[in-house]
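Beneath this line is the structure, given in structure tokens, with notes to follow.
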Amino acid sequence: MDIRLSQCFIAVDDHDKALAFYRGALGLEVRNDVGFEGMRWVTVGAPSQPDVDIVLEPPLADPNASPSDRRAMAELLAKGLLGGVIFTTDDCDATFERISAAGGEVLQEPVDQPYGVRDCAFRDPSGNMLRFSQPRKQ
């Protein structure tokens, strides 16, 4: 049995700001940007991983969600508490410089971690934490 990742989801509160960041600062390609059941279905991905999509979705994409649930999710998103994503890079320092130069909100400058990677961290325009990890050579 072969199981592989196909899509992952990142909650965003403004698709246009998110696209500017994920396309402009990170260099991901836009694969889909269409209306879907009253919402916007946007996917991006790394050109080197054509079979893995990142779906940029509203904080609560359930059309049956209550207004209070929507508010709660929006508050969690604003605090950066809806989880994070870790990207792999072959050059953590260059990735840091590129995203910093594009205006990314720095959470952590590049540092060697005791668990064998060099990484850095940013927040996207919606508040999500994104880490960029480079395996250290032994």
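Between residue 102 and residues 5 or more places away or on another chain, which pairs have amide H atoms under 5 Å apart, with H built 1.01 Å from N, and which residues are they?
The answer is none.
Which one of 28, 107, 56 has the biggest mean-square fluctuation once the chain is modelled by GNM with Cα springs under 10 Å?
107
Quick one: which residues, 5+ away or cross-chain, put their amide H under 5 Å from the amide H of residue 107? H built at 1.01 Å from N.
Hits under the 5 Å cutoff: 121, 122, 123.
Tell me, what ³J(HN,Hα) does each residue in the range 115-122 have, in order and in whole Hz, if you take phi through Karplus 6.51 cos²θ - 1.76 cosθ + 1.60 with θ = phi - 60° and put x for Gly and Pro?
Running phi through 6.51 cos²θ - 1.76 cosθ + 1.60 with θ = phi - 60° gives 9, x, 10, 10, 9, 9, 9, 9 Hz.
With contacts defined as alpha carbon pairs under 8 Å and 6 or more residues apart, what's the relative contact order of the chain in percent?
Over the chain, the number comes to 23 percent.
For residue 115 and residue 5 in one chain, what is 0.36 nm times their gap in residues minus the Cα-Cα distance, to one decimal in nm?
37.2 nm
Out of residues 5 or more away from residue 89 or on other chains, whose amide H comes under 5 Å of its own, with H placed 1.01 Å from N in the peptide plane?
Those lying under 5 Å, H to H, from residue 89 are 133, 134.
To make sure I understand, if each residue's beta carbon is the centre and we count other beta carbons within 10 Å, what order do 34, 42 fall in, fewest to most? Working shown, then result.
Details: 34 9, 42 23.
Ranking 34, 42 by Cβ neighbours within 10 Å, fewest first, gives 34, 42.
What does the convex hull of the Cα atoms come to per residue for the range 7-135, in Å³?
Numbers: hull volume 14.1 nm³, N = 129.
Hull volume over Cα atoms, normalised by residue count, gives 109 Å³.
Bear in mind that the values in this text are calculations on the coordinates, not laboratory data. This one's a predicted model, so the numbers in the text were calculated from it and none came from an experiment. Heads up, the Cβs are rebuilt from the backbone with ideal geometry, glycines too, and the neighbour counts pull from every protein chain shown.
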